[in-house]
C-alpha cells in the first residue's frame, strides 16, 4: 500500500495520491489499538473489581432490571462507544464464558436519551455473553449495533477463560455495550462519566471485601 502511494506521488498524480493517503491514515487511526500500560501489573489488581469493557460514555445506570437471558434484580450499566474511539472489547473481570447468544434485528442509536427497551420478556437484537466469576457470580454483557455502525466481532466462545482486560474482540465504528451485574455489586461510576477500557473501575463485588 505504501509503495503504491509513493509511486503515485512521484508520478505527480496528486489528485489520486492525496485521497489515498488520507484514506490510509484515517483507516489506521479508526482501527488503532490502545496501549496496555497495566498488563505488567494485572496480577496486583484487587479481586472483585469490575473494569470498563470498552472506551465510551455512560449513557444510563439502572437497578432492579430483569433480563430474559441474564436473570432478575440486576444492575445495568449502558455504555455508548463513539465511532472514533479505539474499538477493542475487553473482559471486565476475571471470568469464564458460559453462554453465547446472538439475535438479528433492529439497531439502536448509541447516544439515545432513553435506555434500551425492556428485555424481561423479549431480547433486543444483539450479542449476549454470560460470564461466570471465580465466586460463581454470573455477569452479563450485551453488544447492540448502532444505526451508524457495524456488528461487533468477538473472538471468544463458551468455555474460554480470561483475566480482566483480556481482549475478546472489537466493535467497528462503535455501538452500545450493556453490562448486567448481580445486586451485590456496588456501582462506582455515574451517568455521563467517560470510561477507559481496562482502567476505569466501574463496580466492585461487596462480597469480595
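No lab work stands behind these numbers, since they all come straight from the coordinates. Keep in mind that what you see is a predicted model, and the values were worked out from it rather than measured. Cβ coordinates were reconstructed from backbone atoms using ideal geometry, including for glycine residues, and neighbour counts include every protein chain displayed.
Taking square-rooted eigenvalues a ≥ b ≥ c of the alpha carbon gyration tensor, is the range 40-108 rounded, prolate or oblate, where a/c under 1.5 means rounded and, failing that, a/b exceeding b/c means prolate? Provide the component values of the computation, followed by the final result.
On the way: a/c = 1.58, a/b = 1.21, b/c = 1.31.
Note, shape of the range 40-108 comes out oblate.
Once you order the gyration tensor axes a ≥ b ≥ c over the Cα atoms, which shape class does the range 47-208 get: rounded for a/c under 1.5, otherwise prolate or oblate by comparing a/b with b/c? Spell out each step's value before the answer.
Numbers: a/c = 1.24, a/b = 1.21, b/c = 1.03.
In terms of gyration-tensor shape, rounded.
Once R0 is set to 25 Å, what does the formula 1/(1 + (r/R0)^6) return for the Cβ-Cβ distance between residue 201 and residue 62, expressed as a FRET efficiency to the nearest 0.05?
Values: r = 19 Å, r/R0 = 0.77.
After rounding, the FRET efficiency stands at 0.85.
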In nm, what is the difference between 0.36 nm times the number of residues separating residue 118 and residue 135 and their Cα-Cα distance?
3.3 nm
Could you work out the relative contact order of the range 47-208, using alpha carbon pairs under 8 angstrom and six or more residues apart, expressed as a whole percent?
36 percent
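Taking the beta-carbon count within 10 Å as an exposure proxy, list 60, 85, 102 from fewest neighbours to most. Spell out each step's value before the answer.
Values: 60 17, 85 21, 102 14.
Ordered from fewest to most neighbouring Cβ atoms within 10 Å, 60, 85, 102 come out as 102, 60, 85.
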Give me 61, 68, 79 ranked fewest to most by other Cβ atoms within 10 Å of their Cβ, as a rough exposure proxy.
68, 61, 79
Inter-centroid distance (Cα atoms) of the range 136-209 relative to the range 75-127, Å:
8 Å
